[in-house]
Amino acid sequence: MAGFLDRAKEQAQRGLTQGKQKIDEVQSQRTGADLLKKLGAAYYAERQGTGSPQATQQAMQAVEAHIATNGDAFLRS
């Protein structure tokens, strides 16, 4: 009986770990998408004359920092 409970506990722990990894992945995807939207908005504002090159550059650096930390998978979704 103890072996069964140990295996059940181990499986539950693995499930929790996998669930947390998936949540982290989804949050990273959302953050990346938000950063891309901000970059697009900054670029659009710059092209319209209401934004600045500095704002666009800062948005680009934020996207690059996110890629360096989390990878570029959000670019493909």
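So the values come out like this:
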{"item": "Selection within the stretch 12-37 - under 30 Å from GLN57 (Cβ atoms) and small (Gly, Ala, Ser)", "result": "SER28, GLY32, ALA33"}
{"item": "Members of the stretch 54-71 that are under 18 Å from ASP24 (Cβ atoms) and either at pLDDT 95 or above or open to solvent by 60 Å² or more (accessible area, probe 1.4 Å) (or both)", "result": "ALA65, HIS66, ILE67, ALA68, THR69, ASN70"}
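The values are calculated or read from the model by the stated rules, or taken from the named source; none is laboratory data. This one's a predicted model, so the numbers in the text were calculated from it and none came from an experiment. Note that we place each Cβ from the backbone using ideal geometry, even for glycine, and neighbour counts take in every protein chain shown. Heads up: the accessible areas ignore ligands, DNA and RNA and are worked out on the full protein's heavy atoms, side chains in. Shrake-Rupley method; radii C 1.70, N 1.55, O 1.52, S 1.80 Å.
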